[in-house]
Structure formats: C-alpha cells, structure tokens
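To start, the structure itself, in structure tokens.
Just so it is clear, none of the values below were taken in a lab; they were calculated from the coordinates. Just so we're clear, the structure is a prediction, and the values are computed from it rather than from any experiment. Note that each Cβ is placed from the backbone with ideal geometry, even for glycine, and that neighbours are counted across all protein chains shown.
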Amino acid sequence: MQLANHLDIAPIILPLVTGAFLLLFDERRHTFKSLVNVASTLGLLVIAWLLVAQADVEGSMASVYLLGNWAAPFGIVLVVDRLSALMLLLTALLANAALVFSLARWHKGGQHFHSLFQFLLMGLNGAFLTGDLFNLFVFFEVLLAASYGLMLHGSGVTRVRFGMHYIVVNLGASMLFLIGVSLIYGVTGTLNMADLAVRIPAVAAQDRALLEAGTAILGIAFLTKAGMWPLCFWLPGAYSAAAAPVAAMFSIMTKVGVYAVLRLSPLLLGARAGDSASFGDIGLLTAGLVTMAFGTIGVLASQAMARLASYSVLVSSGTLLAAVGMADAGVTAGALFYLVSSTLTIGALFLLVELVDRSQDPAANILAVTMEAYGDDPEEEEVVEEVGVTLPATLAILGLCFVLCGLLLSGMPPLSGFLGKFALLSAALSTGDDNAISGMAWAFFAVLIISGLFAMVAMLRVGIRTFWAPPIEGVVPRVLIVEFAPIALLLALCVVMTINAGPVMAYVDATSQSLHAPDAYIEGVLSARQVPSPKMEAGL
Amino acid sequence: MTELTLSLGIGVLVGSGVWLLLRPRTYQVIVGLSLIAYGVNLFIFSMGRLRSGVPPVLDGSGIVDPAAYTDPVPQALVLTAIVIGFATTALFLVVLLVARGLTGSDHVDGREP
C-alpha cells in the first residue's frame, strides 16, 4: 500500500500525535508548543486541500479507508467524499485562524491549550470522516471532551458556571445518542452507515416503529448539538462566555450536529428507505424555522456583542436544519454554500468581538443600555459643533471588518452571505411540481428574509453605538497584527467565495447530488476490498 | 422473567436518573447522570438479545454455528460506553468541585435562587 492511500486517515492521526506529543512539555515552553501546533494545523490545511482535490473528481466513488483491514460492514471504515472533504477544509481554515489569534495571549491563559486544541481537531475530523455510527459517537465524545477543557480555558466564575451547563447538556445528549444507536443496531444488526442504508428498506413492518424511534432519538442527540430550539438554551451562555478563539472554534461545533443530520437524513431516511422515506423531514423543517425565529429575536434583544454572535449561531443552525428538512438537492446545495460562508463569518465575528470589547469599559455596555432606555437626549448634544468624528485607525479597521460581518450575516449583496441565501431561496421556491410554491417554502422565505433584516438592524445598532457614537468614550484598543490577521483572513475567504462563486457552487452542487442519490457512497463503502497483507502477498 | 427484570431495572435506573438530573444541586445531577449511564449501558447490552450461558467469542475450531453464540458487538459497545462515560463523569466531577470552590454554592446556577 502506498503512502498516498493513508492520506484518508491523516486528519485524525496528525492531531492525535501532535496533541499527545505536546503533553510531554510543560507550559513554560509555550513558544515551542505554539510552533508545533501551528505547523500541525497548517499541515491539516494542506491535507484537507489534497482530500478536497481527491474527492472532487467527476464520477468517482467515495474513497474508503478500512481501519484494521476488515471489509465493511464488519470493520469500521473512514469515508472521504465531497461532503467530508469540504467539512475538513472548513475546519482546518477556521482552526488556523483561531490558533493564530490565540497566540497573542489566550494560549497562555490556562493549562494544555495546545493539546486540547489538537484533540478537538482530531474529534472534529474523525466525526466528519467516519462511516460508522458507533465510531461517530466515539469521535463526538473526543471532540466534546476536548471542548469541555477549552470551554473552561481562562477560568473565571462565568465560564465555569456556563461550562457546567454545557457539560451536563452534552452528557445527557450523549446518553440519547447511545440509546438511538443501540435501538438502530437492535433492529437492523449493523452500525455501518452504508450497510444501514441497504438494510433499512427491508426492515419488517412490525420493527419499523422501533427503527424510527431509534433514528428520532439519535436525531435529538444531534439536534441538541446543533442548537435546535427548544434544545438550545445552553448555547448563548456557553458561547458568549468562552474565550474568543475557543468561541470561534465552537462555531463549527454546532455544524457537526448539522453535518450528522445532513449525512444521515438523506442516506438512511431518503427516497430509497421504503416506508420510512422522508421520516422526520417536516419536523426538521418546522423546528428549523422556529430556531431561526428564536435566534432572530435573540439577535435583536442582545446588548453584548458576544451574545449577538451566539444568537447568530442559532440563526445559522436553524436555517441549515430547515434547509435539510426540505430534502431537496437544490436546497441542500444552497445550504452547503451558506454553511461555509456563515461558519467563516461567525468565526470572524467572535474574534472581532473580543478586540472591540477591549476598547470599552466593562461598565460602559450596561450604561449604554440604560442611557438608551432612559432618554439620553439627542437635543442636548447638538450644541457640540459638527466637525465629524475622527476615528483612530485601529477603530476604523475594526469598524470595516464589523461592516463586512454585518453584510455577510444579514445576507446583503454583494458578499457570499447574499449568494448563499439567494441560492437557498431560489431553490426553495422552485421545489415541488407545476411551479406551485408550497406553504412551507413561503414560510422559509419569509423567516429567512426577516432574520436577515433583523440581523442588519441589530448589527447597525451595535456598530453605531460602538464605532460612531459611543455614549462613553472608550480607549483605543491595542490590537496586535496576529490578532487582526485571522479576522482579515476569514473575511477575505468570504470575499474569495464570492468571486469564485462558480466553482464553489459547482462543488456543493455535486456534493448535494451525491448526498441525495447515495448509491455511489454505498457502493463505494461496501465494495472496498481488504489490502492483502505482506504474508498473503508472499504466498504463505 | 429475565426480560421483565431487566426492563424494570433499566426503567428504574433511568427514571430516577432523570429525576435527579432535574434537581438543582450539582451532586444530585452527577449521581443522576451516573444512574442514566448505567441504565443506558444495560439497554445497549439488551439490544444484542438476552442469552445466558453462551460465549460471545468464536473458538475457531470446526464449523461455526452462529446460534450457539451471543452477539459480541453490543458487548464491545458497552465496554466502550462504560469507559467514555466513566471519563466524562470524572471530568464533570472536577468541574463540579471547581464551581463549588469559585461560587461557594452547590446550586447548578452558582447561586441560591
């Protein structure tokens, strides 16, 4: 077996080895640890890029890696198809930005930041790659265990309190995950996703209720992680309490839940699932819409910027879940584009929030709210001669980034946020037959537009209060170049996505086609052959 | 009879676990989580069908009759679930103690209502 064949497992091995290696050094050698961490994360980016190039070949089957060299469905497999390669690339991009940002000061804020960061990446990559339900559980636990540590990174009462809620909710969800997986195993006798897709149509009628209960319970576990209403009340507190680079990484953790739903819903309960076809789609669509509405209200009600960003995560999750619930290849393609764009944007926003908050007194935010509420007379200020406000350069640059984030979040032209929402809406409105637009599509349309508008309103309000007319003069924050560069990188990626929208759309289109017609995936996994061992090759 | 005992056992474990999980003290929460974990482990085990007195591992000699063996997969899954559950509960215990130390309260919200 050539070395290139082992590329599929590299995104798991590399962070595992790096994380374990970094445990050997104590915290005083943080320069060395940072260097190793950066090198490894950059390596992941290269690997993810190679995997995307490998997956994006016309008509190719998914690349399958047999762990332990047991053919599927008996052994655990890793599968690299377009979707997993895309998610790997997104993770690697976000990880690089968050890591560079953390080098300014956060990485010294507690023990073992670098190791935990690598283990988090290992869990994320593993969850995206695996083709086995129970293995998915294991990787979920790896990434959650690392995220518990990162959530508490920097310590402090708020973090510990919200971290505790976060841990309890996720432990509870893990139990549901196990119940769901074992129910599915009890009915079908397999845990391999591709094999499940083959066996589910043949499940006997009297077992079908049990199977559907199993998938529903499993779905609840994923949706808790994705932050679906009403399972999302832990999210805004935890995300806004986390340290900035950690919160930026967390913006992809909700997407892991979305990924699992996106992967399993069309595969197990898609068109070929017989009597269980499109089970739960309506529920997903409705819950997605409610999540969007809840997130939108939260965005509008948030006073602190970190909370605003956290509620934006909910809006983004809701949009994606509703889109998955529509179970249409065109809508899924739009959703994937939106997923990439919104993850990068929210990651950048979390990083930006930390820098902007630095310019303000902790008390200023509360005072600003009070002043708005209890009449801070605009008339009185008109005595001041109107010479315009002079903005310090740092604030101007931060303000520009903030404007870009606002455009991307609300989905205003010309950036990728707009393209994603446009692709979603144009596909949603052209589903169904005879050009008749379903009521649900109208509802989706309305909620998406309104959520965009409200995001715009909220961002404008915060932007004006922070950059143009701060009610209380803040200090100009000291921003290091390593802190600004990752934000610029993430936003630049969104701009690149806008300019190269053609190739990106073609890629997500192909991804979505293969998700909704998973024959190539199933065929690829089940036909993967064992690699002959050296012994067998020698004819022994 | 075994079926009834097992399902009652799982029911009682998970039921009391959920009740404890919804209580306001962190110690109750962690005991609740542990009880749910036991219930869930038994549940996974039962998904391989209940057989007693049969081995899960093939002895590798002669022709294998699958009916003479019990399903080994749920047993492997339970083993993994136990290890992971144990580790995460231990981690939660540490956070619980830290929260107790920092806030001076064992309420889940860090302050008395």
Practice item. Please label the shape of chain B as rounded, prolate or oblate, based on the square roots a ≥ b ≥ c of the eigenvalues of the alpha-carbon gyration tensor (a/c under 1.5 means rounded; beyond that, a/b larger than b/c means prolate, else oblate). Key: oblate
Review point. Average partner chain C-beta neighbours within 10 Å, per residue of A:186-192?
Key: 2
Practice item. Provide the net charge surrounding A:F484, with neighbours chosen by a C-beta distance below 13 Å and charges set as Lys +1, Arg +1, Asp -1, Glu -1. Key: 0
Point to revise | Test item: Cα-centred dipole of the protein assembly as shown, Lys/Arg +1 and Asp/Glu -1 on Cβ, debye | key: 1500 debye
Exercise for review: Please tell me the relative contact order of chain B in percent, rounded to the nearest whole number, where contacts are Cα pairs under 8 Å and at least six residues apart.
Suggested key: 24 percent
Point to revise | Average Cα contact separation per residue, the stretch A:136-267, under 8 Å, 6 or more apart, as relative contact order % | key: 31 percent
**Study point:** Calculated diffusion of the stretch A:12-168, Stokes-Einstein form, Kirkwood radius summed over Cα pairs, 10 °C and 1.306 mPa s, µm²/s
**Key:** 96 µm²/s
Point to revise | Protection proxy ranking, peptides B:76-88, A:407-419, A:241-253, average beta carbon neighbours within 10 Å, highest first | key: A:241-253, A:407-419, B:76-88
Revision key, fill the gap. By the Cα gyration tensor axes a ≥ b ≥ c (a/c under 1.5 gives rounded; else a/b larger than b/c gives prolate, otherwise oblate), the shape of the stretch A:225-270 is oblate
Practice item. For the stretch B:48-95, count all C-alpha to C-alpha pairs, find those more than 12 Å apart, and express that count as a whole percent of the total. Key: 70 percent
Point to revise | Inter-chain Cβ neighbour average for residues A:175-185, partner chain, 10 Å | key: 6
Revision key, fill the gap. Extend 7 Å from the Cα of A:V457 along its Cα-to-C-beta direction; within the stretch A:301-323, residues with backbone N under 20 Å of that point are A:301-316, A:318-319
Review point. With the contact rule set at Cα under 8 Å and sequence spacing of 6 or more, what percent relative contact order holds for chain A?
Key: 17 percent
Exercise for review: Can you check what the net charge comes to around B:P74, using other residues whose Cβ is under 13 Å from the Cβ of B:P74 (Lys, Arg +1; Asp, Glu -1)?
Suggested key: +1
Point to revise | Averaged over A:162-170, number of beta-carbon atoms from partner chains that fall within 10 Å | key: 4
Revision key, fill the gap. For the stretch A:27-79, shape from the Cα gyration tensor axes a ≥ b ≥ c, cut at a/c of 1.5 then a/b versus b/c, turns out oblate
Revision key, fill the gap. Of A:134-144, A:67-77, ordering from highest average Cβ density within 10 Å down gives A:134-144, A:67-77
Check your understanding: Taking only DSSP H segments of four or more residues, each worth -39500 (n - 2.57), what value at 222 nm results for the protein assembly as shown once the sum is divided by all its residues, to the nearest 500 deg cm²/dmol?
Key -> -23500 deg cm²/dmol
Review point. What is the spread of the Cα atoms of the protein assembly as shown along each of their three principal axes, largest first, in whole Å?
Key: 99, 60, 53
Revision key, fill the gap. Expected unfolding gain across A:V495-A:T394 under the 0.36 nm per residue rule, minus the alpha-carbon gap, is 34.2 nm
Check your understanding: In whole Å, what three semi-axes, largest first, describe the equivalent ellipsoid of the stretch A:44-107 built from its Cα gyration tensor (square root of 5 times each eigenvalue)?
Key -> 30, 16, 7
Point to revise | Sequence ranges A:8-20, A:215-227, ranked by mean other-Cβ count within 10 angstrom, highest first | key: A:215-227, A:8-20
Practice item. Treat the stretch A:284-346 as a sphere of radius equal to its Kirkwood radius over Cα pairs and apply Stokes-Einstein at 20 °C in a medium of 1.002 mPa s; give the translational diffusion coefficient in µm²/s, rounded to a whole number. Key: 183 µm²/s
Check your understanding: What does the charge add up to near A:G274, with Lys and Arg as +1, Asp and Glu as -1, over the other residues with Cβ less than 14 Å from its Cβ?
Key -> 0
